[in-house]
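Undergrad: Got a structure for you, questions after.
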Amino acid sequence: MLLILVIGTAIAFDFTNGFHDTANAMATSIATGALKPKTAVALSAILNLVGAFLSVEVALTVTNAVVKLQTSSGAPNPELMVNNGHELLMIVFCGLIGGILWNLLTWLLGLPSSSSHALFGGLIGSTAAALGFAGVNWMGDGTKLDGVVGKVILPAFASPAVAALVATIGTWLVYRITAGVAERYAEGGFRWGQIGTASLVSLAHGTNDAQKTMGVITLGLIAYGVQTDTTTVPLWVKVACAVAIAAGTYMGGWRIIRTLGKGLVEISSPQGMAAEASSAAVILTSSHLGFALSTTHVATGSILGTGLGRRGAEVRWGVAGRMALAWLITLPAAGIVGALCFWLGDSIPGYGGPLVVFAILLGLTGWMMAHSRKSAVHAGNVNDEWHSEVKPGASVADTETVSTKA
Amino acid sequence: MLQLFGNAIGQVVAISILVGAGLPALFAFGVRALAVGAGGAAEVTGEAGKPAMKIVAWLCFALVLAVIAVGLAIIISSGFGYKVSFEHVFPTFIKK
C-alpha cells in the first residue's frame with residue numbers, strides 16, 4: 001500500500017513539475033503575443049510528452065546525486081530493503097511530499113523556483129531525518145562533480161549567470177544587426193524564431209525533468225521487490241510520467257507565467273527569441289555534458305539577460321530579488337518539510353504514519369488551491385499590465401475591478 | 001571540486017555563447033536581409049527592394065534550422081547509444 005502512495009505522490013509531483021515549469025518555455029511567447037496563451041501551453045505540453053520519451057539518460061541513479069539510498073549500480077542499499085523496503089519507501093514518499101508542497105507554495109506566490117531543487121531538497125530532508133546527516137551525499141568522493149554541493153548548489157549559482165550572459169550577448173547582437181529594419185516588420189519575423197526556440201526549451205524540459213520521477217518510481221518498485229532489473233524503466237512508468245508532466249504543463253502555472261513574462265522585464269519578440277535560444281543552448285549543452293542545470297534558473301537568467309542586453313529596457317530588480325530569495329530557501333525549506341513528514345510518519349506505527357502524512361498533503365494542497373482563487377491568474381488575464389505588486393496576482397485583481405466599473 | 005566545476009561550466013559557457021547567441025544573430029541577419037529584400041515600409045530608410053537579398057535571407061534561415069537539427073540529432077542519438085559522426089562531411093549515425 002505504501003508503494004501505491006509513493007507512485008501516486010511521484011506522479012503528482014511530476015504534474016506540479018509540469019505546471020510549475022510551463023513558464024520557462026512559454027512565458028516570453030505568451031507575453032509578446034507570438035502565441036495565444038492556450039495554444040502555447042498546448043504546444044509545450046505536446047513537446048514535453050515527446051521529450052519524456054526521448055530519454056537522454058537512464059535516470060535510475062537520479063537520487064545518488066544527493067543521497068545515499070542506492071549503490072552505484074542502482075540497487076537500493078540492502079539495509080533499507082527489510083520489510084518490503086518500508087524505510088526506503090517512507091524516505092522517498094516524504095521527500096516527494098516536501099517537493100510538492102514547496103512547488104505549490106511558490107506557485108501560490110507566483111515565484112518560479114526550481115522543481116528539481118524542491119525534489120532534491122525533500123529527499124535530502126527525509127534522508128537526513130531517517131539515516132542522519134551521513135546519509136546525505138554532500139560532496140561525492142571528490143573525483144568528479146557530485147553530491148549536493150557539486151550537482152545542486154554550485155550549478156544553482158552559476159546557471160542564471162551563464163544564461164544571463166548568453167542572452168545579453170544574443171540580445172545585443174540581434175538589436176545591432178536589425179538596426180534599420182522597421183520595428184513592426186522585425187517583430188513579425190522574430191515571432192517565428194520565438195516559437196521555434198520556445199519549442200526547443202519545452203522539448204529539453206521533457207527530456208530532463210520527466211526522467212527524475214521515472215527514476216524515483218522505479219527505485220520504489222525495486223525496493224518493494226516487484227522489479228529486480230536495475231537498468232531499465234518499465235514502459236508503464238514512462239507513459240505515466242510523460243502524461244503527468246504533459247498534463248501539468250497544459251494546466252499552465254499562469255501565476256508564474258505572468259511573473260516571468262511580464263514581471264521581470266517588458267519583453268519584445270527579438271528579446272523573447274534571444275532569451276529562449278540562450279535557455280535552449282545552455283540546457284541542452286549542459287545536460288549533454290552530464291551536468292544538468294535547473295531549467296527554471298536558466299530561463300530566469302536568460303530573461304533577465306535580455307533586459308540587460310537591450311538599451312533602455314527596464315529590469316525590475318525587486319522582482320528578481322524575490323526570486324533569488326525563493327531559490328536560496330527552496331532546498332532547505334523542502335528539506336524541512338521532508339524531514340518533518342518523515343518524523344511524523346515514522347512515529348506512528350504501521351500504515352497509520354504514511355496515511356496521516358498523506359492526509360496532511362491533501363489538506364495543505366486543498367488550502368493552497370482555495371487560497372489561489374482569491375486572485376486567480378488565468379489565460380484571460382495573464383498578460384494584463386504589470387503594476388508593482390506586493391502580493392502576487394494583486395495587480396490582476398486591481399485591473400479586474402477597474403474594468404468591471406468602466 | 002571547484003576546479004572540476006570550473007572546467008565543466010567553462011565548456012557550457014563557450015558552446016552556449018557560440019550556439020545560443022550565434023544562432024539568434026544569424027536569424028537576425030536573415031530578418032534584416034528579408035527587410036532589405038522587401039524594401040519600402042520594411043526598412044526605416046524606405047529604399048526600393050532588392051529581391052536578391054531574399055535568397056540570402058532564406059539561406060540564413062535554412063542554416064539556422066540545419067544547425068538545430070544536427071544539434072538535436074547529436075543529443076537524442078546519444079540517448080539511444082549512438083553518436084553522430086562527421087567523417088563523411090554529412091552527419092551519419094554510428095553505434096558507440
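Undergrad: Answer yes or no as to whether A:Leu123 is touching a helix residue (DSSP H, G or I) at 6+ places or on another chain (Cβ under 6 Å) and more than 10 Å from chain B (Cβ to nearest Cβ).
TA: yes
Undergrad: Only one of A:Thr306, A:Thr295 is within 15 Å of the chain's Cα centre (by Cα), surrounded by 20 or more Cβ atoms within 10 Å (Cβ to Cβ) and of a type outside the set (Asp, Glu); which?
TA: Answer to the check: A:Thr295.
Undergrad: Let me ask something else. Has segment A:33-43 got at least one residue that is touching a Phe, Trp or Tyr at 6+ places or on another chain (Cβ under 7 Å) and either crowded, with 24+ Cβ neighbours inside 10 Å or assigned to a helix (DSSP H, G or I) (or both)?
TA: yes
Undergrad: Any idea which of (1) within 12 Å of another protein chain (Cβ to nearest Cβ); (2) closer than 21 Å to A:Ala277 by Cβ is the one B:Ala41 doesn't satisfy?
TA: Among (1) within 12 Å of another protein chain (Cβ to nearest Cβ); (2) closer than 21 Å to A:Ala277 by Cβ, B:Ala41 violates only (2).
Undergrad: Of all the residues that make up segment B:1-11, how many are of a type in the set (Val, Ile, Thr) and not in a helix (DSSP H, G or I)?
TA: Narrowing segment B:1-11 to residues of a type in the set (Val, Ile, Thr): B:9.
Okay, now just the ones that are also not in a helix (DSSP H, G or I), so none.
Looking only at that region, the number is 0.
Undergrad: From A:Gly18, A:Gly74, grab the single residue that is of a type outside the set (Ser, Thr, Tyr) and part of a helix (DSSP H, G or I).
TA: The conditions single out A:Gly18.
Undergrad: Yes or no: segment A:46-61 includes at least one residue that is touching a strand residue (DSSP E or B) at 6+ places or on another chain (Cβ under 7 Å) and under 25 Å from B:Ser78 (Cβ atoms).
TA: Within segment A:46-61 (the criterion being touching a strand residue (DSSP E or B) at 6+ places or on another chain (Cβ under 7 Å) and under 25 Å from B:Ser78 (Cβ atoms)), the answer is yes, since at least one residue qualifies.
Undergrad: Go over the candidates A:Thr168, A:Thr197 one by one and state the one that is buried (at least 19 other Cβ atoms within 10 Å of the Cβ), in contact with a Pro (Cβ under 9 Å, 6 or more places away or on another chain), modelled with pLDDT of 90 or more and β-branched (Val, Ile, Thr).
TA: A:Thr197
Undergrad: Still on this model: Would you be able to tell me the number of residues in segment A:340-365 that are within 21 Å of the chain's Cα centre (by Cα) and more than 18 Å from A:Trp254 (Cα to Cα)?
TA: Selection size over segment A:340-365: 3.
Okay, residues lined up against (1) among the acidic types (Asp, Glu); (2) facing another protein chain (nearest Cβ under 7 Å); (3) assigned to a helix (DSSP H, G or I):
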| residue | (1), (2), (3) |
| --- | --- |
| B:Val13 | no, yes, yes |
| B:Pro24 | no, yes, yes |
| B:Val36 | no, no, yes |
| B:Gly49 | no, no, no |
| B:Ile55 | no, no, yes |
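Undergrad: Could you list, in sequence order, all residues of segment A:306-351 that are touching a Pro at 6+ places or on another chain (Cβ under 9 Å) and either part of a helix (DSSP H, G or I) or under 30 Å from A:Gly363 (Cβ atoms) (or both)? Quick ask: steps written out before the conclusion?
TA: Step one: of segment A:306-351, the residues touching a Pro at 6+ places or on another chain (Cβ under 9 Å) are A:306, A:310, A:323-324, A:326-327, A:345, A:348.
A:Thr306, A:Met323, A:Ala324, A:Ala326, A:Trp327, A:Gly345, A:Ile348 - these are the residues of segment A:306-351 that are touching a Pro at 6+ places or on another chain (Cβ under 9 Å) and either part of a helix (DSSP H, G or I) or under 30 Å from A:Gly363 (Cβ atoms) (or both).
Undergrad: Just to verify a result, which residue in segment A:147-157, among those that are facing another protein chain (nearest Cβ under 9 Å) and touching a residue at least 24 places away in the same chain (Cβ under 8 Å), is surrounded by the fewest Cβ atoms within 10 Å (Cβ to Cβ)?
TA: So the first thing to find is which residues in segment A:147-157 are facing another protein chain (nearest Cβ under 9 Å), and the list is A:147, A:149-150, A:154-155.
If we keep only those that are touching a residue at least 24 places away in the same chain (Cβ under 8 Å) too, we end up with A:147, A:155.
On the way: A:Gly147: 23, A:Pro155: 27.
Only one residue fits best here, namely A:Gly147.
Undergrad: Another question about this same structure. Which residues, counting only those in segment A:265-291, are surrounded by 24 or more Cβ atoms within 10 Å (Cβ to Cβ) and either assigned to a loop (DSSP other than H, G, I, E, B) or among the basic types (Lys, Arg) (or both)?
TA: A:Ile267
Undergrad: Sticking with this one: Can you confirm whether B:Gly30 is out of contact with any helix residue (DSSP H, G or I) (no Cβ under 9 Å at 6 or more places or on another chain), more than 7 Å from chain A (Cβ to nearest Cβ) and modelled with pLDDT of 85 or more?
TA: So B:Gly30 fails the test.
Undergrad: List the pairs whose first member sits in segment B:1-23 and is within 22 Å of A:Lys151 (Cα to Cα), whose second member is surrounded by fewer than 17 Cβ atoms within 10 Å (Cβ to Cβ) and among the aliphatic types (A, V, I, L, M), and whose Cβ atoms are under 9 Å apart, counting only residues at least 6 apart or on separate chains?
TA: B:Met1/A:Met139; B:Ala8/A:Leu289; B:Gln11/A:Leu289; B:Val12/A:Leu289; B:Ile15/A:Leu289
Undergrad: Moving to a separate point now. What do you reckon, is A:Ser73 at pLDDT 90 or above and under 24 Å from A:Trp236 (Cα atoms)?
TA: no
Undergrad: Could you please let me know if A:Ala65 is closer than 30 Å to B:Gly81 by Cβ and not hydroxyl-bearing (Ser, Thr, Tyr)?
TA: Spelling it out, A:Ala65 is indeed closer than 30 Å to B:Gly81 by Cβ and not hydroxyl-bearing (Ser, Thr, Tyr).
Undergrad: Give segment A:344-359 a look and list any residue that's surrounded by fewer than 18 Cβ atoms within 10 Å (Cβ to Cβ) and small (Gly, Ala, Ser), or say none.
TA: A:Ser347, A:Gly350, A:Gly352, A:Ala359
Undergrad: Test of understanding: among A:Val226, A:Val243, A:Val265, which residue is free of Cβ contacts under 8 Å to residues at least 60 places away in the same chain, more than 9 Å from every other protein chain (Cβ to nearest Cβ) and out of contact with any Cys (no Cβ under 7 Å at 6 or more places or on another chain)?
TA: Every option except A:Val265 fails the conditions.
Undergrad: Further, regarding this structure: Given (1) within 21 Å of A:Ile329 (Cβ to Cβ); (2) among the aliphatic types (A, V, I, L, M); (3) not in a loop (DSSP other than H, G, I, E, B), identify the lone condition not met by A:Val166.
TA: The single condition A:Val166 does not satisfy is (1).
Here is a yes/no grid of residues against (1) in contact with a Pro (Cβ under 8 Å, 6 or more places away or on another chain); (2) buried (at least 16 other Cβ atoms within 10 Å of the Cβ):
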{"position": "B:Gly10", "(1), (2)": "no, no"}
{"position": "B:Ala25", "(1), (2)": "no, yes"}
{"position": "B:Ala28", "(1), (2)": "yes, yes"}
{"position": "B:Lys50", "(1), (2)": "no, no"}
{"position": "B:Val64", "(1), (2)": "no, yes"}
{"position": "B:Val67", "(1), (2)": "no, no"}
{"position": "B:Lys83", "(1), (2)": "no, no"}
{"position": "B:Ile94", "(1), (2)": "no, no"}
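Undergrad: If a residue must be facing chain B (nearest Cβ under 7 Å) and touching a residue at least 60 places away in the same chain (Cβ under 8 Å), how many such residues does segment A:281-301 contain? Walk me through it before giving the result.
TA: Here is the first cut: in segment A:281-301, the ones facing chain B (nearest Cβ under 7 Å) are A:281-282, A:284-286, A:288-289, A:291.
Checking which are touching a residue at least 60 places away in the same chain (Cβ under 8 Å) leaves us with A:281-282, A:284, A:286, A:288, A:291.
Summing the residues that are facing chain B (nearest Cβ under 7 Å) and touching a residue at least 60 places away in the same chain (Cβ under 8 Å) in segment A:281-301 gives 6.
The values are calculated or read from the model by the stated rules, or taken from the named source; none is laboratory data. The structure presented is a predicted model; accordingly, all values stated were derived computationally and were not measured. Here the Cβ is made from the backbone with ideal geometry for all residues, glycine too, and neighbour counts use every protein chain on show.
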